[in-house]
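The values are calculated or read from the model by the stated rules, or taken from the named source; none is laboratory data. All figures in this text were calculated on a predicted structure; none of them were measured in a lab. Glycine gets a Cβ as well: all are built from the backbone with ideal geometry, and neighbour counts include every protein chain shown. Each accessible area value is taken on the protein alone, full model and side chains, heavy atoms only, with ligands, DNA and RNA left out. Shrake-Rupley method; radii C 1.70, N 1.55, O 1.52, S 1.80 Å.
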Amino acid sequence: MAELKSSKIDPENAKNEYNLFKSSLAQIGTIIVQNVIMLGFGMSLAIPTVVIGSLMSDEVDSGGGDSMTLTETEASWYGSVLLVCHPTGGLLSGVLQEIVGRKWCMALVSVPQLVGWYVLWRAGNAFDLYVSCVALGLSMGLSEAPVLTYVGETVEPRLRGPLSSVSTFTIMLGSFVAYLMSTVMPWRTVAMINMAVPVISFAAVVLLTPESPVWLLSRNRPDEAKKSLAYLRGCVSTADVEDEFSELSIYAGFNKSVDLEQYADCGIDQRRLSYVKYLQINTNDTTNAEIDILANQNQVGFLDTLKSFWSPELNRPFLFIMLFFFFWSFATFIPAKPYLIAVFGEIGLPCTAQWTLVYTSILTLVGTLLNVLTVSKFGKRPITLVSMALCAFSMLGIGMYMLSTTYFSFSSTWIPMILLNALFFFSGYGVFPIPWMLVSEIYPTKGRGIASGLTAALAFLMTFVLTKFFLEMQEWFTLPGLFIVYGSITLVGTLYLYACMPETENKTLQDIEQFFIGDLDDYEDHDNQN
């Protein structure tokens, strides 16, 4: 696979006048603060597993005399409705990002999340559980795209990889906390405690997170964009970020003085906008009106973005990432998530299913943390390929072990335990976080918010279908056969990514965007000529 090379314009690696330590600290702090949202995401993702494990068991919840039960059909809907509502939230987030900005879109996530936890706490029947899942699913869909888009637009390339994987780490942390709490308290108490998360995340985003400079530039608000960039680079003065702001405005299509030859590979609307600003021939009303019209052309609507999917800038990265997410759904074994307690019990392990759930979530969490620490060193492509391959072999191994216990009376409970450890660790290390990291990088500025929202929506729509029919597929293939099917599809996905996945680590957004435009050989020839 050919490697991405640096382009002539380097809009994110401009000469920095400020202190790199302060800049790193400011960016890390901002991303960590806003990722409180993703803590609620992880808790929302885990709660169906906890509730289904309690209400489908023979024991009645001892925490409060709860007499609710779930049938298998009700459990399949409850376990999957969360994921079918996620796409709706994802599509809505794409529109909201462009209307109210990245910051306020993240803040609005707290509203449906708070409603979801409250309804779950007070639930009296299966319908109430469905309603809570609708609200939590909407909050999940609303949160993912703006968080990833924000990282892609505000973080320097040297930090973008690790900080974009912080979101996945926080999701895994939220799931782990929910599983751990469920071992010592009833699920209703877990829901009640979780209501504090959206309140804290709303306050954190509103008070401590600046708006994306790229979005502000797209709205013809350069002064605010410069102040936001200065805040993100360590609360320095706007004069200290002048060089980087100038280059960032080139990428965003908003610049007052730029050599037009440097714009050879940018969109025609961006070139025209900068050309008008560059000439500055007559600062009369006509010229200013033209500037405003061209600036407003960067404010892309939902229908405009859908039309632009015919262009290679959007449809090529979109097709690539959707295929990645198709294989991702199998490699992470995420369709089985609501039913993991039953799955672990059927496999036969040396410890209880509930504690296996906690143990495997710790491994996933550790794997995700390791991704944060090593992605900038090893790169996304090698980590993805190794992790996908090991997840595939782990699932194939578990399936074959279960068949051997059935037909050859072979039994060793530690073998499936080791294979499960590998599956959950490597899914957390590479498979789960990296496609979401790519979503923050591969789309061009024009329409990135809507495109990333649509991607998240369709990714979870696929996951919903697989989750809804997981129990039916288990009846068709049996659990060992399902492990083998999932492992085989994951192996095919590994080969696909080996052939098609570029390395984006330490590359500028412009380098990545140009990779998906036209023929790769033509891109390399053009790059070499420069």
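Subtract the Cα-Cα distance of residue 408 and residue 71 from 0.36 nm times their separation in residues, and report this length gain in nm to one decimal. If you can, show how the numbers build up before the last one.
On the way: separation 337, 0.36 × 337 = 121.32 nm, distance 3.40 nm.
Result: 117.9 nm gained on full extension.
Between rounded, prolate and oblate, where does region 85-128 land on the alpha carbon gyration tensor, with a ≥ b ≥ c its root eigenvalues, rounded for a/c under 1.5, else prolate if a/b exceeds b/c? Don't skip to the end; give the middle numbers.
Numbers: a/c = 5.54, a/b = 2.20, b/c = 2.52.
Here region 85-128 falls in the oblate category.
What pairs from 226/380; 380/468; 103/337; 22/103; 22/377; 226/377 go past 28 Å between their alpha carbons?
226/380; 380/468; 103/337; 226/377
Points 7 angstrom from Cα along the Cβ direction at residue 189 and residue 492: gap in nanometres?
Distance between label points: 4.7 nm.
Between residue 475 and residue 131, how many nm apart are label points set 7 Å from Cα along the C-beta direction?
Reported label-point gap for residue 475 and residue 131 is 3.0 nm.
Please state the equivalent ellipsoid semi-axes for region 305-434: what are the square roots of 5 times the Cα gyration tensor eigenvalues, largest first, in whole Å?
Working: eigenvalues 210, 57, 36 Å².
So the equivalent ellipsoid measures 32, 17, 13 Å along its semi-axes.
Determine the sum of side-chain charges near residue 474: Lys and Arg each +1, Asp and Glu each -1, restricted to other residues whose C-beta is under 13 angstrom from that of residue 474.
Details: positive: 468; negative: 72, 346, 472, 475.
Charge balance in the 13 Å sphere: -3.
Under the 0.36 nm per residue contour assumption, what length would be gained going from the current alpha-carbon distance of residue 374 and residue 206 to full extension?
Values: separation 168, 0.36 × 168 = 60.48 nm, distance 3.10 nm.
Full extension of this stretch gives 57.4 nm more.
Rounded to a whole number, what % of the accessible area of region 137-185 do carbon and sulfur atoms account for, probe 1.4 Å? Please list the in-between numbers first.
Working: 690 of 890 Å².
That fraction is 78 percent.
Quick one: accessible area per residue over region 348-466, 1.4 Å probe, rounded to a whole number of Å²? Walk me through the numbers before you get to the answer.
On the way: 4110 Å² over 119 residues.
I get 35 Å² per residue for this part.
When ranked by the protection proxy of mean other Cβ atoms within 10 Å per residue, highest first, what sequence do the peptides 161-172, 331-342 form?
161-172, 331-342
Between residue 95 and residue 33, 0.36 nm times their residue separation minus their Cα-Cα distance comes to what? Walk me through the numbers on the way to the answer.
On the way: separation 62, 0.36 × 62 = 22.32 nm, distance 2.34 nm.
Working it through step by step, the gained length comes to 20.0 nm.
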